[in-house]
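A quick write-up on the structure given underneath.
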Amino acid sequence: MTKEKVILVFDNTITHWRKDIDDALALFYLYGKQDQVELLGVCTTHGNLDADYTYNETIKMLDKLSITDIKVFKGMMTAAEPSPAVDFLIEQANLYPGEVII
């Protein structure tokens with residue numbers, strides 16, 4: 001069976017009081033489906049909180065869970081700003097044309 005190539009773009013705020021946990025749950029779900037999904041990486045972005053917060057919290061969360069095999073790329077506050085996340089998305093889309101699910 002061919003694994004689906006997935007990039008998760010999210011605004012993880014699981015550790016912030018009164019913020020949604022759905023983004024982190026989506027990551028855990030995909031991570032648990034490694035027999036079906038090739039998680040190419042995670043791109044953080046702003047949403048519930050700013051881009052710095054979501055990136056830092058994602059790194060901390062993965063570190064606390066000893067998950068070291070997920071690549072995390074930081075997005076920015078606006079689409080006009082260059083970012084590691086944008087560079088990663090372009091790279092993967094070019095590497096796997098028509099195959100990447102975002």
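A compact table of results
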| quantity | calculated |
| --- | --- |
| Breaking point among (1) surrounded by 14 or more Cβ atoms within 10 Å (Cβ to Cβ); (2) under 23 Å from L95 (Cβ atoms); (3) of a type in the set (S, T, Y), for T54 | (2) |
| Qualifying residue in the range 3-20 (condition: touching a His at 6+ places or on another chain (Cβ under 9 Å) and within 18 Å of I102 (Cα to Cα)) | yes |
| L95 at pLDDT 95 or above and among the aliphatic types (A, V, I, L, M) | yes |
| Test: residue in the range 29-37 that is touching a residue at least 40 places away in the same chain (Cβ under 8 Å), open to solvent by less than 40 Å² (accessible area, probe 1.4 Å) and within 11 Å of the chain's Cα centre (by Cα) | no |
| Selection status of G41, open to solvent by less than 80 Å² (accessible area, probe 1.4 Å), modelled with pLDDT of 85 or more and over 25 Å from N94 (Cβ atoms) | no |
| Residue match in the range 64-77 (condition: exposed (fewer than 11 other Cβ atoms within 10 Å of the Cβ), touching a helix residue (DSSP H, G or I) at 6+ places or on another chain (Cβ under 8 Å) and of a type outside the set (D, E)) | yes |
| Scope the range 78-92; condition open to solvent by 90 Å² or more (accessible area, probe 1.4 Å), modelled with pLDDT of 90 or more and not β-branched (V, I, T); matching residues | D87, E91 |
| Only listed residue being in contact (Cβ under 8 Å) with a residue 60 or more places away in the chain, open to solvent by less than 70 Å² (accessible area, probe 1.4 Å) and within 10 Å of the chain's Cα centre (by Cα), chosen from V100, V9 | V9 |
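The values are calculated or read from the model by the stated rules, or taken from the named source; none is laboratory data. This structure is a prediction, so every number in the text was calculated from the model and none was measured. Positions of Cβ are backbone-derived with ideal geometry, glycine not excepted, and every protein chain shown enters the neighbour counts. Quick note on the areas: whole protein, heavy atoms, side chains included, nothing else; ligands and nucleic acids left out. Shrake-Rupley method; radii C 1.70, N 1.55, O 1.52, S 1.80 Å.
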